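Below is one structure; the comments refer to it alone.
None of the figures in this text is laboratory data; all of them are computed from the coordinates on show. The model shown is predicted, which means the values in this text are computed figures rather than measured ones. Backbone-built Cβ (ideal geometry, glycine too); neighbour counts: all protein chains shown.
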Amino acid sequence: MESIDVLMLCPMISYLEQELDRRFNVLKLWTAPEKSQFIKDHSATIRAIAGDGGHGADAEMIEALPRLEIVSSFSVGVDKIDLEKCREKGIRVTYTPDVLTDEVADLAIGLIMAVLRRLCESDRYVRSGKWKKGDFKLTTKFTGKTVGIIGLGRIGMAIAKRAEAFNCPICYYSRTEKPDTKYKYYPSVLELASNCEILVVACSLTAETRHIVNREVMNALGPKGVLINIGRGPHIDEPELVSALVEGRLGGAGLDVYEHEPEVPEELFGLENVVLLPHVGTATVETRKAMADLVVGNLEAHFSNKPLLTPLV
Amino acid sequence: MATEDNEVEDHRPLVLIHHLPSFKLPLQDRLITHFRLFDSLASPDASSVRALICVGTTPVTADTLDHLPSLRLVVGSSAGLDHVDLAECRRRGIAVTNTGDANSENVADYAVALLLDVLRRVSAADRFVRSGLWPQMGEYPLGCKIGGKRIGIVGLGSIGSEVAKRLVAFGCTVAYNSRNKKPSVLYPYYANVHDLAVNSDVLIVCCALTNETHHIINKDVLTALGREGFIINVGRGALVDEKELVQFLVQGEIGGAGLDVFENEPNVPKELFALDNVVLSPHLAISTPESFEALNEVIIANLKAFFSSKPLLSPFQQE
């Protein structure tokens, strides 16, 4: 298989790069001085793409690669891949579901707790050397708070299961109501936001869910409400989020994703009711390795004419 | 509140608020509807007062008790009572109450919060983003998976049980050490903390501070916990040999720590300030309005029971 050209769109963990290098001829797009020229130069031989959550294959790239057979993404989010185009052209698409579900759900709870209990701010306070005996700051209890989840897929369900261990009532919004769950369903995000204290974005990013959390929703969540985003930055209208937080119309936010990563609105840096993470939802050694194994495994399976491990298209 | 009206007698019982100068008792206005309060041992009321509320970890010593010859009840405002000379109270026939289960959920929440923060580097990554380093430096170092971790709970009381219940939902397994094995509990029991540490990835310290548990987490236990091990302390600072812990952390001989309590609060060893695998908190596990409401209810309930000669709600009991 060493002769098969795989276009790698961006640097990824070295374990993945090594494993791909061992099996395929990897063409590293980010090393090219002129990306579109690079693609043109290799368009006759590229048969596969390896991308990630932030780098996928859009219509233009797909059209430029007539021999493309498969796109293997190092992510569960595939909003950067033109799935319709792939379907149209019979190009397979694989992703990395399940292996990262727990990790992302763990981080969602970690964000909730860090915001409610002001962990980051307290840690800063202690490190400043300014702690005086008797000083205390009121924070907010998590146990028993109502948690609203946008998107009750694998990750949403895993978040619900964890929140339940804290006796939190769970409610959700989904495109359609899920018959098998006991959680309360709301037919709109606005109603969900009006009826919960902590709102978690856990759905996939599509044209319909872009800015699903807008000014109205944030106002409904309110000055005591907390918004958590472990989905994609564009799920939330970011400028509206900043003004809601700065003006106190929204109680707090825990963010792992942003509209233009790695740019984070600087107005947020001074707020103590906000926790800002650099897209680390899947960032553990174990999970990244499991994701990498799926990327490689799917490509290997495809080129050996075996069933794909985790196909989406 | 009826002191100006000569026709109405003040039937409110007298209670001393015993507090260090910098300590305040939250929601004190609730108390004055039921009790007449004063807060100085030098007051003439000291000789007749029968009950005191101990604010936070204000010490109650033999010397304190010497000023209060009529005292029959010490009402603690925390679950821990290591700042009260319990032997001396017993000797003088003074009953002591703590806050029972009132704050267990809050403390358990906090222990889990610290664990998530340390393992997934939440506070450290937040610092990274706020310093503007993300665009320059790209990826932040990876954290540790939580699912599958073996949690060792030191002290499976009310708080420890709530911690266990929460972490099981994250896919962790739980084992514990306590003074005695608990027959109704299904988690594996280890008779000493060293053995628990050998078989754990994370130790969570939730037990009471007594003479026996002082420095229960010592060099031997930290060595057994190992380079990949983590420790979370929401009990009392003196449960951990702090000097040893700092050495282990600075030299990378332990994976990391989440600490809400320290041996000599508010002093925190400065060597910890430079470490990213440590989360430091200024003793805030119960600092929520919900906690203070719960505290007040327990305090008022115990006092009311005492003054009407009924059984106390949460008398301190050695397990």
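Per-residue mean of foreign Cβ neighbours for B:158-166 is 2 (Cβ atoms of other chains, 10 Å radius). Note that chain A shows a convex hull volume over its alpha carbon atoms of 155 Å³ per residue. Remark: segment B:113-253 is approximated by an ellipsoid whose semi-axes, taken from the C-alpha gyration tensor as √(5λ), come to 29, 18, 13 Å, largest first. The alpha-carbon of residue B:24 sits under 18 angstrom from the alpha-carbons of these aspartates and glutamates, leaving out residues fewer than 8 places away in its chain: A:135, B:39, B:265, B:290, B:293, B:297.
Restricting segment A:265-313 to GluC sites (Glu not before Pro) that sit in a DSSP loop and have at most 14 other Cβ atoms within 10 Å of their own Cβ leaves A:272. Amide H contacts of residue B:190 (H built 1.01 Å from N, in plane; Pro and chain starts excluded): B:176, B:177, B:178 sit under 5 Å, all sequence-distant by 5 or more or on other chains.
Placing +1 on the Cβ of every Lys and Arg and -1 on the Cβ of every Asp and Glu, with no other charges, gives segment B:1-127 a dipole of roughly 480 debye about its Cα centre.
Considering only alpha-carbon pairs that sit under 8 angstrom and 6 or more positions apart, the relative contact order computed for chain B is 16 percent.
If only the Cβ of Lys and Arg carry +1 and only the Cβ of Asp and Glu carry -1, the dipole of chain A around its Cα centre is close to 1040 debye.
Taking amide H as placed 1.01 Å from N in the peptide plane, residue B:143 has its amide H under 5 Å from the amide H of A:284, A:285, each at least 5 places away in sequence or on another chain. Here the relative contact order of segment B:104-280, from alpha carbon pairs under 8 Å that lie six or more residues apart, stands at 21 percent.
For the residues A:22, A:175, A:127, a GNM of chain A with alpha-carbon springs under 10 Å puts the largest fluctuation on A:127. Modelled label positions at residue B:92 and residue A:128, each set 7 Å beyond Cα in the direction of Cβ, lie 4.0 nm from each other.
With each run of n ≥ 4 DSSP H residues scored as -39500 (n - 2.57), what mean residue ellipticity at 222 nm is computed for chain B after dividing by its residue count and rounding to the nearest 500 deg cm²/dmol? Mind dumping the intermediate values first?
Working: 11 runs with 97 residues, N = 319.
For chain B, the value works out to -8500 deg cm²/dmol.
Inter-chain neighbour count for A:95-106: the average number of beta-carbon atoms from partner chains within 10 Å of each residue's beta-carbon is 2. The listed peptides B:22-28, A:43-49, A:74-80, A:304-310, ordered by packing as a protection proxy, come out as A:74-80, A:43-49, B:22-28, A:304-310 (highest mean of other Cβ atoms within 10 Å first).
Which pairs break 22 Å Cα to Cα here: A:132/A:224; A:35/A:289; A:133/B:219; A:35/A:80; A:141/A:224; A:28/B:145? Don't skip to the end; give the middle numbers.
Values: A:132/A:224 28 Å; A:35/A:289 28 Å; A:133/B:219 28 Å; A:35/A:80 17 Å; A:141/A:224 12 Å; A:28/B:145 30 Å.
From the list (A:132/A:224; A:35/A:289; A:133/B:219; A:35/A:80; A:141/A:224; A:28/B:145), the Cα-Cα distance tops 22 Å for A:132/A:224; A:35/A:289; A:133/B:219; A:28/B:145.
Scanning residues 5 or more positions from residue A:93 or on other chains, those with amide H under 5 Å from its amide H are A:71, A:312, A:313, with H placed 1.01 Å from N in the peptide plane.
Note on chain B: GNM, Cα springs under 10 Å; of B:38, B:248, B:128, the largest mean-square fluctuation is that of B:128. In sequence order, segment A:298-307 has phi-based couplings of 5, 5, 4, 4, 4, 7, 10, 6, 9, x Hz under the Karplus curve 6.51 cos²θ - 1.76 cosθ + 1.60, θ = phi - 60°, and Gly or Pro positions carry x. Ignore the peptide's own chain and count Cβ atoms of other chains within 10 Å of each Cβ in A:141-149; give me the average, rounded. Per-residue shielding by partner chains comes out at 4.
What ranking of A:12, A:218 emerges when the number of other C-beta atoms within 10 Å of each C-beta is taken as an exposure proxy, fewest first?
On the way: A:12 20, A:218 24.
So the residues, fewest neighbours to most, are A:12, A:218.
Among B:15, B:60, B:168, the largest mean-square fluctuation in a Gaussian network model of chain B (Cα springs under 10 Å) belongs to B:168.
Evaluating 6.51 cos²θ - 1.76 cosθ + 1.60 at θ = phi - 60° for every residue in segment B:147-159, the Karplus couplings come out as x, x, 5, 8, 9, x, 9, 9, x, 9, x, 4, 5 Hz, glycine and proline recorded as x. Residues of segment A:144-165 with backbone nitrogen within less than 18 Å of a virtual label 7 Å along the Cα-to-Cβ line of residue A:180, please, listed as ranges. Backbone N within reach: A:151-162. Two decimals is fine: what's Rg over Rh for the protein assembly as shown, C-alpha atoms, Kirkwood radius as Rh? For the protein assembly as shown, the value is 1.05. Note on segment A:67-139 and segment A:245-313: Cα centroid distance 4 Å, given to the nearest whole angstrom. Computed from the Cβ-Cβ distance with R0 of 60 Å, the FRET efficiency linking residue A:59 to residue B:11 stands at 0.15.
Working ranking of peptides B:154-163, B:80-89, B:204-213, B:302-311 by packing, defined as the average number of other Cβ atoms within 10 Å per residue, highest first, is B:154-163, B:204-213, B:80-89, B:302-311. Rounded to a whole number of µm²/s, how large is the Stokes-Einstein D of chain B at 25 °C and 0.890 mPa s, given Rh as the Kirkwood radius over C-alpha pairs? The estimated diffusion coefficient comes to 115 µm²/s.
By the count of neighbouring beta-carbon atoms within 10 Å, fewest first, A:30, B:134, A:131 end up ordered A:30, A:131, B:134. Full extension of the chain between residue A:194 and residue A:135 gives 17.8 nm of extra length, using 0.36 nm per residue less the Cα-Cα distance. Phi angles across segment A:41-47 convert, under the Karplus curve 6.51 cos²θ - 1.76 cosθ + 1.60 with θ = phi - 60°, into 3J(HN,Hα) values of 4, 10, 5, 6, 10, 6, 10 Hz, Gly and Pro given as x. Dipole magnitude for segment B:104-280: computed about the Cα centre from +1 point charges on Lys and Arg Cβ and -1 point charges on Asp and Glu Cβ, it is near 440 debye.
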